[in-house]
Amino acid sequence: MKSILRDPSLAPSGMDKINWVRAHMPLLNLLEKRFEAEKPFSGLRVAMSIHLEAKTARLALLMKAGGAEMYVTGSNPLSTQDDVAAGLASEGVTVCAWHGASDQEYHDHLVATLKCKPHIVIDDGGDLVHILHEERPDLAECVMGGCEETTTGVLRLRARAQGGQLNFPMVCVNDAQMKFMFDNRYGTGQSVWDGIMRTTNLIVAGKRVVVAGYGWCGKGVSMRARALGAQVIICEVNPVRAVEAVMDGFDVYPMDEAAALGDIFVTVTGCKDVITPAHMMKMKEGAILCNAGHFDVEVAVAGLRELAVEHKTVRNNIEGYRLPNGKTIYLLAEGRLVNLAAGDGHPAEIMDISFALQALSAEYVRKHAHLLSRNQVVEVPAEIDAQVARMKLQTLGLKIDALSEAQKQYLSGWEGA
């Protein structure tokens, strides 16, 4: 099976990027030493669909070092970096992806990746799993299980499992503490504002930022917006999270009211139609809209295009839409993930943690597939979560205390002091 690339000659540039992140991903470097010696994935084909940039390439090379035949594609047409794809292919990984793929090309790349008939699937958003169940179940005959990277994919997995429609076990990497507390909060928080600021070249301080969704990603985006000097408004549907946002010092409004107040809007909900054309008609002249959820449905992009009387690209990754009321609002990165489509995604040190979880969870699937049921959504084992945390502390040169036997007995008993 041959790679499907935009330009293989870009490989040297791609390898420069991969080698840069390699130097800043010490957890994967630790795992690579063991994987090279033990070859835990020997004889297995692994299909991976994660945003195809340098950190993902590093994960693919780690799995390859562990003996896997790697087949890699992207999980978003605008986040794929052609030089990284070429660099990864030059290292013996089969890559089927290019930047700016049409919807049909993107789908074809997913299917081409699955034609290896994988044993393990590593997914980001659930597209590979969907195809294996709904379109090409013939390509799933060897699948023993897999791992899911993100909140949106986990929601889809749980819905499928609840309906009895999941044909192989999947580990919810997203739900591990070492994933959502760091990747979702600190990774999303930093990378979203990196994408917005490098794209717009505008100041954040003094602006009103509306963040839709106050889960871990929303917390990170809001925290960083405040640190940059913005006034932050939270929109939520969950009353507990809304109270939390208030206690954290943020204003809370429904989107119907926030729409008229915001200068920058960031959606991080995993849902659709969070910002609708009705909301857009209430917005200020020059309001900026972007999405940091997985799919480009949180901002109703199709509705915006139908509503607008004029549309033009005003800057790379910025589209201006003039509305019937004469105001112009701006959409970043076509409503796709702004931190990846208009940036480089999460920092390398953050993805080092998340991809260590991915690699160890894939190894868990290899070792325990015979114990896992077909229609099962699997939590990351607590020992893997703790192992990654200990590895992170080790790479930081830090030590922590340990409970004595007497302390363990005290905590596990009921007799008191």
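The values are calculated or read from the model by the stated rules, or taken from the named source; none is laboratory data. Everything numeric here is computed off the predicted structure, so don't read it as measured data. Heads up, the Cβs are rebuilt from the backbone with ideal geometry, glycines too, and the neighbour counts pull from every protein chain shown. Calculation scope for accessible area: heavy atoms of the full protein, side chains included, ligands and nucleic acids excluded. Shrake-Rupley method; radii C 1.70, N 1.55, O 1.52, S 1.80 Å.
Rolling a 1.4 angstrom probe over the protein chains, ignoring ligands and nucleic acids, what is the accessible area of D385 in square angstrom, nearest 10?
20
Could you please state, rounded to a whole Å, how far the C-alpha centre of the stretch 253-300 is from the C-alpha centre of the stretch 201-223?
Result: 12 Å between the Cα centres.
Mind ranking 312-319, 218-225 by how tightly packed they are, going by the mean number of other C-beta atoms within 10 angstrom, highest first?
Working: 312-319: 13.9, 218-225: 25.4.
Ranking the peptides 312-319, 218-225 by packing returns 218-225, 312-319.
Tell me the per residue accessible area of the stretch 221-320 using a 1.4 Å probe; a whole number in Å² is fine.
Working: 4840 Å² over 100 residues.
That works out to 48 Å² for each residue.
Apply the Kirkwood formula to the chain: the hydrodynamic radius equals the inverse of the mean of 1/r over all pairs of different alpha-carbon atoms; give it in Å with one decimal. List each step's numbers first, then the result.
Details: mean 1/r = 0.0449 Å⁻¹.
With all distinct Cα pairs of the chain included, I get 22.3 Å.
For the stretch 172-290, what are the per-bin percents of Cα-Cα distances with bins 10 Å wide, up to the bin holding the maximum?
14, 48, 33, 6, 0
What number in nm² do you get for the stretch 1-112 if you take the convex hull of its Cα atoms and divide its surface by four?
On the way: hull surface 25.3 nm².
Mean projected area for the stretch 1-112: 6.3 nm², to one decimal.
Averaged across orientations, what area in nm² does the convex hull of the alpha carbons in the stretch 256-393 project?
Working: hull surface 46.1 nm².
If you wrap the Cα atoms of the stretch 256-393 in a convex hull and average its projections, you get 11.5 nm².
Stokes-Einstein at 4 °C, 1.567 mPa s, Kirkwood radius from Cα pairs: D for the stretch 12-72 in µm² s⁻¹? Each step should come with its number before you reach the end.
Values: Rh = 11.8 Å.
After rounding, the answer is 110 µm²/s.
So for the stretch 278-342, considering every pair of alpha-carbon atoms, how many percent are separated by more than 15 Å? Spell out each step's value before the answer.
Values: 931 of 2080 pairs.
Tail of the P(r) past 15 Å holds 45 percent of the pairs.
Would you give the gap between the C-alpha center of the stretch 311-355 and the C-alpha center of the stretch 118-189, rounded to a whole Å?
25
Could you name the lysines whose alpha carbon sits less than 29 Å from that of K282, not counting residues in the same chain fewer than 8 places away?
K207, K219, K272, K312, K327
Computed from the mean reciprocal separation of all distinct C-alpha pairs, what Kirkwood hydrodynamic radius does the stretch 335-412 have, in Å?
This gives a value of 15.9 Å.
Based on the mean of other beta carbon atoms within 10 Å per residue, what is the order of 199-211, 261-273, 328-340, most packed first? Write down the numbers at each step before the final one.
On the way: 199-211: 17.8, 261-273: 22.2, 328-340: 24.0.
Output ranking for 199-211, 261-273, 328-340: 328-340, 261-273, 199-211.
Give the Rg (one decimal place) followed by the Dmax (whole number) of the stretch 342-386, computed from C-alpha coordinates and expressed in Å.
Answer for the stretch 342-386, Rg first and Dmax second: 13.4, 42 Å.
Roughly how many debye, to the nearest 20, is the charge dipole of the chain about its Cα centre, given +1 on each Lys and Arg Cβ, -1 on each Asp and Glu Cβ, and no other charges? Display every interim value, and only then the final one.
Details: 42 positive and 50 negative charges, 76 e Å.
With Lys and Arg at +1 and Asp and Glu at -1, about 360 debye.
Straight-line reach from K367: which lysines have a Cα under 26 Å away, not including same-chain ones fewer than 8 places off?
In chain and number order, the partners are K33, K39, K55, K64, K115, K117, K179, K392.
Report the semi-axes of the equivalent ellipsoid for the stretch 103-168 in whole Å, largest first, where each axis is √(5λ) for an eigenvalue λ of the Cα gyration tensor. Spell out each step's value before the answer.
On the way: eigenvalues 62, 40, 24 Å².
For the stretch 103-168, the ellipsoid semi-axes come out as 18, 14, 11 Å.
How large is Rg over Rh for the stretch 309-349, taking Rg from the Cα atoms and Rh as the Kirkwood inverse mean of 1/r across Cα pairs?
On the way: Rg = 13.1 Å, Rh = 11.3 Å.
Result: Rg/Rh = 1.15.
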